[in-house]
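Structure record follows, encoded as structure tokens.
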Amino acid sequence: MLIIKNLTKHYKGSDKGVNNVNIHVEKGDIYAFIGHNGAGKTTTLKCITGIHDYDAGEIIIDGIDLRENALECKSRFAYIPDNPDLYEYLTGIQYLNFVADVFLVSARDREDRIKKYAGEFNITESLGDLISTYSHGMKQKL
């Protein structure tokens, strides 16, 4: 569950950002942000993921306040940006092992998860290749 209460974020020297956004997303719901350039769609997402701090309001993920326990919140969701900025000089498997290390995934669990999801996303054969050789879509899958 995601609850956003009165989220406000403005950039220095600008009135751009978001002002008093309120959203309540229940488990299983699907939401989309639709709006013109500068409407605050990306800013809102970056606040939810902890990439940007915000000026006011609350972001609650599964009952946990993002400001009070950012690491726990971040462990409960995934964010797939439009531009996947990855370590281009690692192989796919090196990157997945790096991420597993960051999230303290055991060797047994990571092996099982990599096998399962690489198969589902049809990227198993590319995991030994440098990320710099991947297409945009492959990077998003990774």
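The values are calculated or read from the model by the stated rules, or taken from the named source; none is laboratory data. Since we're looking at a predicted model, the values are computed, not measured. Because the Cβ atoms are built from the backbone with ideal geometry, glycine has one as well, and the counts that use them run over all protein chains shown. For the accessible areas, the whole protein counts, side chains as well, though only heavy atoms, and no ligand, DNA or RNA atoms are used. Shrake-Rupley method; radii C 1.70, N 1.55, O 1.52, S 1.80 Å.
Looking for something touching a Leu at 6+ places or on another chain (Cβ under 8 Å) and either in contact (Cβ under 8 Å) with a residue 24 or more places away in the chain or within 30 Å of E125 (Cα to Cα) (or both) - is there at least one such residue anywhere in the range 1-9? No, because not a single residue in the range 1-9 is touching a Leu at 6+ places or on another chain (Cβ under 8 Å) and either in contact (Cβ under 8 Å) with a residue 24 or more places away in the chain or within 30 Å of E125 (Cα to Cα) (or both). Filtered by the rule that a residue be within 17 Å of I80 (Cβ to Cβ) and hydrophobic (A, V, I, L, M, F, W, C), the range 44-64 gives L45, C47, I48, I51, I61. Within the range 23-43, can one find any residue that is in contact with an Asp or Glu (Cβ under 9 Å, 6 or more places away or on another chain), open to solvent by less than 90 Å² (accessible area, probe 1.4 Å), within 21 Å of I80 (Cβ to Cβ) and not charged (D, E, K, R)? Taking every residue of the range 23-43 in turn, at least one turns out to be in contact with an Asp or Glu (Cβ under 9 Å, 6 or more places away or on another chain), open to solvent by less than 90 Å² (accessible area, probe 1.4 Å), within 21 Å of I80 (Cβ to Cβ) and not charged (D, E, K, R).
For the range 104-126, the criterion of a residue being among the aliphatic types (A, V, I, L, M) and closer than 30 Å to V18 by Cβ is satisfied by no position.
Just one residue in the set F98, F121, F103 is free of Cβ contacts under 8 Å to residues at least 60 places away in the same chain, open to solvent by 40 Å² or more (accessible area, probe 1.4 Å) and in contact with a Lys or Arg (Cβ under 7 Å, 6 or more places away or on another chain); that residue is F121. The residue that is farthest from the chain's Cα centre (by Cα), counting only those in the range 96-130 that are farther than 25 Å from L71 by Cβ and in a helix (DSSP H, G or I), is E125. Filtered by the rule that a residue be in contact with a strand residue (DSSP E or B) (Cβ under 8 Å, 6 or more places away or on another chain) and either open to solvent by 70 Å² or more (accessible area, probe 1.4 Å) or aromatic (F, W, Y) (or both), the range 63-76 gives R67, R76.
Just one of the listed residues (A107, A100) is within 30 Å of A32 (Cα to Cα) and among the aliphatic types (A, V, I, L, M), namely A100.
Please verify whether the range 14-24 includes one or more residues that are among the hydroxyl-bearing types (S, T, Y) and in a strand (DSSP E or B). Checked the range 14-24: no residue is among the hydroxyl-bearing types (S, T, Y) and in a strand (DSSP E or B). Annotation: of all residues in the range 79-95 being out of contact with any Leu (no Cβ under 8 Å at 6 or more places or on another chain) and either open to solvent by less than 90 Å² (accessible area, probe 1.4 Å) or not in a loop (DSSP other than H, G, I, E, B) (or both), the one that is modelled with the lowest pLDDT is P81.
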